[in-house]
Amino acid sequence: MMKRTNYLFIVILMLIFNACTTSQDGPAVKAGELMLWYDEPAVEWTEALPLGNGTLGGMVFGGVARERVQLNESTVWTGGPETYAHPGAVEYLDNIRGLLQQMRVFERKGEWQKAWELQKEAEVLAMDHFMSIPLTLTEYQPMADLFLDFPGHTQTENYRRELDLSTGLSRVEYDFQGVRHVRESFASYPDQCIVSRISADKRGSVSFNISLDSPHSGYEIKEVTPGGMVLTGKVENGVIEFEVHLQLITRGGEITQRGDALEVRGANSATLMIVAASNYADYNTVDRNPERICLEKLEKSAGKSYKKLLQTHIEDYQQLFNRASLHLYSPTPSTLPTDERIRQFAAENDNSIITLIFNYGRYLAISGSRKGGQTLNLQGIWNDKMNPPWGSKYTCNINIQMNHWPMDLTGISECNEPFFRTIKELAEAGQLTAREHYGAEGWVLHHNWDLWRATAPVNRSNHGIWVGGSGWVTLHLWEHFLYTGDLAFLEEYYPVMEGAVQFYTDFLYEDEITGYLISGPSNSPENGGLVMGPTMDHQIIRSLFEAYVLASRLLGEENELSEKAEAMAGRIAPNMIGQHDQLQEWLEDKDDPDNKHRHVSHLWGVHPGSDITWKDETLFNAAKQSLVYRGDEATGWSMAWKTNLWARFLDGDHAFKILQNLIVPAVDKPEKESDPPRRAGLYPNLFDAHPPFQIDGNFGASAGIAEMLIQSHILTEVNESGPLEFSDFEFLIHLLPALPSAWETGSFEGLWARGGFEVSISWDNGELQTCVITSHQGNPCKLKYGDKTIDLSLEKGETRTISL
C-alpha cells in the first residue's frame with residue numbers, strides 16, 4: 001500500500017522511531033557513532049587525527065608538552081611535467097601479442113612450462129620496448145610540520161583528545177596546575193585554512209612557543225613577525241615550490257620573536273590560521289605564485305573571529321555530512337576510547353562502531369575531496385613520508401575507484417569533482433599513450449597515474465600493462481549520471497566516454513582461437529602476469545560500450561561509433577565457468593582454488609559493475625564460488641571489496657564477517673618475536689591498513705555498509721533501440737538486501753539509489769518498519785524487500801511513505 005504524505009510529517013515519524021529505538025542507547029551510543037576519542041596523546045602518525053579541506057591536510061597528534069600538526073598540500077609532489085609515453089612502443093605490440101597467443105595454445109595443451117617460458121619472453125620484450133619513459137612515477141610528499149611547545153606541561157590530569165565527526169572539529173584538553181587547557185582545530189573549506197585555537201579557563205594562562213619545520217632540505221623560514229611566520233620550500237627531486245603562511249592572533253599577553261620561533265606568554269587565548277600553496281597550476285604548468293595565493297587566502301579570512309570561522313566551517317561541512325545518517329542499535333554500547341573499542345570489538349556487541357566507521361569514511365571524503373582539489377590518492381591527502389608506500393600515488397586497478405564508492409551512494413556527490421576533473425585531464429594525456437603504444441585513436445589509462453597525469457604502463461610489464469584503467473574510471477562518470485540524472489553533466493563528459501570507447505574499438509583483438517574479441521596484452525590486476533584476454537577487461541569494456549550506447553541515445557548523439565560499439569559488445573568474450581565451478585579469471589580454465597590473492601578482479605562484474613547479476617543464476621553462483629575460494633582474510637582494502645561483494649551476493653552475515661575481520665588492531669611490522677604477525681585491520685585512528693596505511697579500505701567499508709542496507713540497479717537494457725529520455729529508464733531498489741542478523745534494529749536516512757531516489761528506512765527485529773522515498777528525477781522503479789516487489793511511479797520531487 002502506498003499513500004502520498006506530507007514530507008515534514010514523514011521526517012517527524014522517522015525521528016520518533018529513531019528516538020524510540022535508541023532510548024536504551026542514550027548519549028553514549030550517539031557519541032560512539034560520531035566521535036573518535038582517546039585518553040592519551042598520539043605517538044605514532046597512525047594515532048593522530050586527520051583534518052582536511054580538500055587541499056590542505058593536517059594530522060593532529062594532541063601532545064601535551066609538544067603538539068605536532070603534520071601538514072600536507074595536495075599538489076606537493078616530486079617530479080615535473082612529463083608525458084611518460086614510449087615512442088615507437090607500438091612496433092612491438094604484435095610480437096608481444098604473438099608470444100602471448102602462443103602461450104595460450106600451450107596452456108590449452110597442458111604444457112605449462114613452455115607456456116610459462118613464452119609468457120616470460122613476452123614480459124621481457126615488453127620491459128625492454130613497451131614500458132613508460134621514465135619507468136616509475138613520482139611521489140606525493142609531506143610539506144611541513146607545525147609545532148606548539150608548552151613549557152612545563154608535563155604533569156597533567158584528565159587528558160582527552162577527540163575528533164567530532166558531526167562538526168569536523170578536533171579537540172585536545174587536559175588539566176595542568178588546576179587550569180583546564182583546551183586546543184580546538186579544524187580545516188575550513190570556505191576559508192581555505194586550518195584554524196587552531198588555544199585557550200584556558202583561567203585568564204592569562206596561555207603560554208606556548210610556535211615553530212614551523214619541513215622534511216625538505218633547504219627549506220627556509222622566510223619571515224617571522226609578531227603576527228605570524230612564513231615557511232618556503234622546494235621538493236628536492238622536482239619542480240614544486242611551496243609556501244606555508246601562519247597568522248597569529250592573541251587576546252592579551254605578549255608575543256616575542258625568538259629566532260625562527262614565536263613565544264606567546266600570558267595570553268587569554270590564541271588563534272592560529274595556516275594556509276599553504278604551491279606553484280602547481282596544472283599537469284603541464286608550474287607557474288603559480290604560492291606567496292600571492294597564500295596572501296589571498298589570508299585576506300579572505302581577515303577580520304573574522306574564531307567563532308565566525310568555526311561557524312562558517314561547520315555550516316559548510318554539515319550541509320554535506322548531515323545529508324545521510326545511520327544508526328544501528330547496540331545491545332552493549334561502548335564508552336571506551338576508540339583504540340580500545342577496536343581491540344574489544346570481537347568480544348563486544350558494539351554495533352555503534354560500525355556506524356562510526358561508516359561516518360568516518362564520509363568524513364574523510366568531505367575532508368579530502370572538495371572542488372578545486374586533487375583526486376584522493378592512496379593515502380587520501382595525508383602522508384608523512386618522503387618515500388611513501390606505493391608512492392602515495394593514484395593506483396587505478398581498484399584503489400582510487402574504491403575511494404569514490406561512497407560519494408553518490410551516501411549523498412556527497414560533490415566530492416567526486418576532483419576525480420571527474422582529473423579524468424578529463426587523463427583523457428587528454430592518454431591520447432599520446434594510445435597512439436604510441438597501440439596505434440589507436442582515443443585515450444587509454446593503465447594501472448597508475450600521478451600529479452603529472454601519467455597514463456603509460458609503469459613499473460613492470462607483468463602488472464603495469466593493464467588497459468582497463470580508462471574504461472573503469474570512465475564508468476564512474478556514467479554511474480554518477482545514473483544516480484543524479486544530470487544530463488548537462490553527461491553532455492559535458494560525453495567526449496571523454498567517446499574517447500575511451502574509440503580506443504577499445506581499435507584495441508580489441510579478434511582471437512583466432514575462440515573467435516571472440518579479446519583484450520591484450522593486459523593482465524588480471526597483479527595476478528598471473530601478462531596475458532591475453534583477462535575476464536575483468538572484458539567486463540569493463542562490455543559495460544563501457546553498453547553505457548556509451550545508452551548515453552548516445554540520451555543525448556541524440558547516435559553515430560557510427562555507437563553503432564560499432566553496440567555490435568562489438570556482443571562479440572567480446574563472455575564470462576566463463578571453469579572446472580572448479582568458478583568464474584574463470586582468464587580465457588583459459590587455469591584458476592587455482594587455493595589462490596588467496598588480494599585482488600578479486602574477475603568479480604568486478606558483480607561489484608562495482610553489473611555485468612553479472614542475479615538475472616543469470618548460474619554465472620552469479622560461479623562468481624560466488626570464486627569468492628569462496630579467495631577466502632575471508634586479505635589486505636584491508638581487499639576485505640572492504642569483499643564486504644561489498646558479499647553484500648551483492650545478498651549474504652549479510654558473510655559480509656558482516658568480513659567487516660569483523662577488518663575491525664582488529666592493525667600490525668605493520670612486528671618488532672619482537674612476541675608481537676603479533678603483520679596484519680591488516682584498523683590503526684588506532686581508524687585509518688585502514690593494507691598494511692601499511694592505505695585509505696581506500698576506509699571508503700570501501702563505508703560503501704559496503706551501505707550496500708548491505710540498500711542496493712540499486714538499472715533495468716533498462718542496451719538492446720532497447722531508439723531515442724531515450726532518462727525518465728524512460730527503469731530501476732530496481734532493493735531494501736535491506738543483505739542485513740546481518742547482528743543488526744536487528746536500526747535506521748538510515750538519506751542514502752541514494754540509482755535513478756535519482758533518496759531513501760530513508762527503519763527496521764526492528766530484522767523487519768522493515770518505515771520507508772520514505774523521494775524521487776529527484778521522476779523515474780519508474782521496482783521496489784523490492786524480501787520476496788515482495790512492487791512497481792512505484794513517483795513524479796519528480798515527490799516523496800512517499802511505502803508499506804511493504
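The values are calculated or read from the model by the stated rules, or taken from the named source; none is laboratory data. Values in this document were obtained by computation on a predicted structure and should not be read as measured data. Neighbour counts run over all protein chains shown; Cβ positions are idealised from the backbone, glycine included. Accessible surface is based on the protein model in full, side chains and every heavy atom, while ligands, DNA and RNA are left aside. Shrake-Rupley method; radii C 1.70, N 1.55, O 1.52, S 1.80 Å.
Please report how far the C-alpha centroid of the range 99-166 lies from that of the range 606-650, rounded to the nearest whole angstrom.
24
Using a probe of 1.4 angstrom, how much of the accessible area of the chain is carbon and sulfur, in percent?
It is 47 percent, rounded to a whole number.
With a Förster radius of 60 Å, plug the Cβ-Cβ distance of LYS222 and LYS796 into 1/(1 + (r/R0)^6) and report the FRET value to the nearest 0.05.
0.60
If you keep only loop residues by DSSP, which GluC sites (Glu not before Pro) in the range 197-244 have at most 13 other Cβ atoms within 10 Å of their Cβ?
Filter output for the range 197-244: GLU236.
Under a 1.4 Å probe, what is the accessible area of the range 71-153 per residue, stated in Å²?
Accessible area per residue, the range 71-153: 40 Å².
Which GluC sites (Glu not before Pro) in the range 681-722 pass both tests, a DSSP loop state and at most 14 other beta-carbon atoms within 10 Å?
Passing sites in the range 681-722 are GLU717, GLU720.
Extension gain ASN289-GLU617, at 0.36 nm per residue separation less the Cα-Cα distance, in nm?
Net length gain for the segment: 112.2 nm.
Using only DSSP helix segments of four residues or longer, with each worth -39500 (n - 2.57), what per-residue ellipticity at 222 nm results for the chain after dividing by its residue count and rounding to 500?
Per the formula, -10500 deg cm²/dmol.
Using θ = phi - 60° and the Karplus relation 6.51 cos²θ - 1.76 cosθ + 1.60, list the HN-Hα couplings for the range 139-151 in order, rounded to whole Hz, with x at every Gly or Pro.
Residue by residue, the range 139-151 yields 10, 6, 10, x, 10, 7, 9, 9, 10, 10, 9, 10, x Hz.
Using a Förster distance of 45 Å, how high is the FRET efficiency between LYS202 and GLU315, based on the Cβ-Cβ distance and rounded to 0.05?
0.90
At what distance in nm do the modelled label points of ASN322 and ALA261 sit from each other, each positioned 7 Å from its Cα along Cα→Cβ?
Calculated label separation equals 4.2 nm.
Give me the distance between the Cα centres of the range 41-74 and the range 346-398, rounded to whole Å.
14
For the charge dipole of the chain, defined by +1 on Lys and Arg C-beta atoms and -1 on Asp and Glu C-beta atoms about the Cα centroid, which residue among VAL90, GLY529, PHE106 has the Cα displaced farthest towards the positive pole?
GLY529
Along the charge dipole of the chain, pointing to its positive end and built from +1/-1 on Cβ of Lys, Arg, Asp and Glu, which listed residue (HIS599, GLY468, PRO692) has its Cα farthest out?
Selected residue: PRO692.
Calculate the length of the line joining the C-alpha centroid of the range 207-233 to that of the range 408-463, in whole Å.
Cα centroid to Cα centroid, the span is 37 Å.
At a threshold of 8 angstrom on Cα-Cα distance, excluding pairs fewer than six apart, so keeping six or more, what relative contact order does the range 146-246 reach in percent?
19
Taking 0.36 nm per residue of sequence separation and subtracting the Cα-Cα distance, how much length would be gained by fully extending the chain between SER803 and LYS788, in nm to one decimal?
Separation in residues times 0.36 nm, less the Cα-Cα distance, equals 4.3 nm.
Report the extension gain between ASN387 and ARG678 in nm, rounded to one decimal, defined as 0.36 nm multiplied by the number of residues separating them, less their alpha carbon distance.
102.7 nm
Loop only by DSSP, 13 or fewer other Cβ within 10 Å of the Cβ. Give me the trypsin sites (Lys or Arg not before Pro) in the range 683-792 that pass, ordered by residue number.
Working: sites: ARG754, LYS782, LYS784, LYS788; in loops: ARG754.
Here no trypsin sites (Lys or Arg not before Pro) fit, given the DSSP loop and packing criteria.
Express the relative contact order of the chain as a whole percentage, based on alpha carbon pairs under 8 Å and six or more residues apart in sequence.
Contact order relative to length: 13 percent.
What does the highest-first list of 417-430, 285-298 look like by mean Cβ count within 10 Å?
417-430, 285-298
With the cut-off at 1.5 for a/c, could you classify the range 608-715 from its C-alpha gyration tensor as rounded, prolate or oblate? Write out the running numbers ahead of the final one.
On the way: a/c = 2.92, a/b = 2.02, b/c = 1.44.
Taking the square roots of the gyration eigenvalues as a ≥ b ≥ c, the range 608-715 is prolate.
Taking R0 as 51 Å, what's the FRET efficiency between GLU340 and ALA281 from their Cβ-Cβ distance, rounded to 0.05? Mind dumping the intermediate values first?
Details: r = 46 Å, r/R0 = 0.91.
Efficiency for this residue pair is about 0.65.
Can you pick out the pairs among LYS624/LYS782; LYS596/LYS657; LYS564/LYS590; LYS114/LYS393; LYS624/LYS657; LYS114/LYS669 whose Cα atoms lie more than 27 Å from each other? Walk me through the numbers on the way to the answer.
Numbers: LYS624/LYS782 25 Å; LYS596/LYS657 17 Å; LYS564/LYS590 32 Å; LYS114/LYS393 36 Å; LYS624/LYS657 16 Å; LYS114/LYS669 39 Å.
Distance filter (> 27 Å) returns LYS564/LYS590; LYS114/LYS393; LYS114/LYS669.
Can you tell me the dipole magnitude for the range 660-776 around its Cα centre, using point charges on the Cβ only (Lys, Arg +1; Asp, Glu -1), in Debye to the nearest 20?
500
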